[in-house]
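I have placed the structure first, in the form of structure tokens, so that the comments after it can refer back to it.
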Ligand code: UDP
């Protein structure tokens, strides 16, 4: 974990206490300087998974930056009386880095999502980000990652985005981040959104902290994700009591 920003521990996951506007230039500098960087954008589901899986918990501690992706993390930090300024989502960070990468002629590699999504991205990315070099695009339904990793190593992209869902996307990064000194970030379902296959919640829902509700209504299979919230909040309240002792 980098010490550039203070952190707030939510169930022993250290979140950077900063804003997207402050974090982005730091990430860009590291890319320019070829500093190996692992970014995790974590929501309560990820925190709970780490709470119950020690290997994944240890993996999170090897990240350079963990950002609060999800209003539940902001709520947790508030309960701990160490509020975090804002959500820094995987999707917004991905979009910001691709726009910057297009302006400054950087390269990016994409691993994840269904083959149809990757086909759509192959068309959309050059239109939306004309200055960006697409170093590689690979869907996330592979059994052997050897060829993909060799390709990343050969291409030496500035940024590698993995959209495999957690814990797979972070496990892939931990196992392979040494092959190129760029920025590595797991982005969940962001390729689906970028390809226009899934809608992001309209701004109203986002600014009223109801994106989770919008997405759950549209995709009821997500219900199991918000089901962890009550237990998560209970554990955060327990953390408050332990800290008082
Ligand atoms: N995915 C993948 N390989 C797998 C499982 C999932 O590439 O073996 C992709 C899936 O197609 C989707 C993304 O990983 O694009 C995960 O999205 P999800 O909605 O689960 O993640 P969230 O946005 O909630 O983090």
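Give me the residue from the range 141-165 that is within 10 Å of the ligand (Cβ to nearest atom) and touching a helix residue (DSSP H, G or I) at 6+ places or on another chain (Cβ under 8 Å) and, out of that set, farthest from residue 193 (Cα to Cα). The qualifying residue farthest from residue 193 (Cα to Cα) is 142. As a summary of the residue check, residue 53 satisfies the conditions (1) touching a residue at least 24 places away in the same chain (Cβ under 8 Å); (2) surrounded by 15 or more Cβ atoms within 10 Å (Cβ to Cβ) except for the one numbered (2). Of the set (1) within 17 Å of residue 45 (Cβ to Cβ); (2) over 14 Å from the mean Cα position of the chain (by Cα); (3) more than 10 Å from the ligand (Cβ to nearest atom); (4) surrounded by 15 or more Cβ atoms within 10 Å (Cβ to Cβ), all apply to residue 180 but (1).
Test of understanding: among 215, 225, 234, which residue is closer than 27 Å to residue 52 by Cβ and in contact (Cβ under 8 Å) with a residue 40 or more places away in the chain? Talk me through it step by step, then tell me what you get.
Numbers: 215 fails: in contact (Cβ under 8 Å) with a residue 40 or more places away in the chain; 234 fails: in contact (Cβ under 8 Å) with a residue 40 or more places away in the chain.
Among 215, 225, 234, only 225 is closer than 27 Å to residue 52 by Cβ and in contact (Cβ under 8 Å) with a residue 40 or more places away in the chain.
Filter the range 9-48 for residues that are part of a loop (DSSP other than H, G, I, E, B) and farther than 28 Å from residue 228 by Cα; which is nearest to the ligand (Cβ to nearest atom)? Steps first, please.
Filtering the range 9-48 down to residues part of a loop (DSSP other than H, G, I, E, B) leaves 11-12, 17-19, 33-36, 43.
Checking which are farther than 28 Å from residue 228 by Cα leaves us with 33-36.
On the way: 33: 29, 34: 27, 35: 26, 36: 23 Å.
Going through the qualifying residues, I end up with 36.
Residues in the range 114-140 that are outside any loop (DSSP other than H, G, I, E, B), surrounded by 19 or more Cβ atoms within 10 Å (Cβ to Cβ) and more than 16 Å from the ligand (Cβ to nearest atom): 135 alone. All conditions in (1) within 16 Å of the ligand (Cβ to nearest atom); (2) farther than 19 Å from residue 68 by Cβ; (3) crowded, with 20+ Cβ neighbours inside 10 Å hold for residue 168, with the sole exception of (3). Looking across the range 19-32, the residues that are surrounded by fewer than 20 Cβ atoms within 10 Å (Cβ to Cβ) and either under 15 Å from the mean Cα position of the chain (by Cα) or closer than 15 Å to residue 86 by Cα (or both) come down to 19, 20, 21, 22, 23, 24. Contact map, the range 191-209: residues that are within 16 Å of the ligand (Cβ to nearest atom) paired with residues that are part of a loop (DSSP other than H, G, I, E, B), Cβ distance under 7 Å, separation 6+ or inter-chain. Pairs shown: 191/113; 192/113; 192/198; 193/200; 198/189. Of all residue pairs spaced 6 or more apart or on separate chains, those with beta-carbon atoms under 6 Å, a first member in the range 121-139 that is touching a residue at least 24 places away in the same chain (Cβ under 8 Å) and a second member that is part of a loop (DSSP other than H, G, I, E, B) and surrounded by 18 or more Cβ atoms within 10 Å (Cβ to Cβ) are 121/195; 135/157. Of all residues in the range 183-226, those that are crowded, with 16+ Cβ neighbours inside 10 Å and within 30 Å of residue 153 (Cβ to Cβ) total 13.
What do you reckon, is residue 59 more than 14 Å from the ligand (Cβ to nearest atom), at pLDDT 95 or above, in contact with a helix residue (DSSP H, G or I) (Cβ under 6 Å, 6 or more places away or on another chain) and assigned to a loop (DSSP other than H, G, I, E, B)? No: the conditions fail for residue 59. For the range 62-113, give me the residue count where each residue is within 16 Å of the ligand (Cβ to nearest atom) and farther than 24 Å from residue 226 by Cα. Qualifying residue count for the region: 5.
The values are calculated or read from the model by the stated rules, or taken from the named source; none is laboratory data. On a predicted model such as this, the values are computed, not experimentally measured, just so you know. Here Cβ is always computed from backbone atoms with ideal geometry, including for glycine, and neighbour counts include all displayed protein chains.
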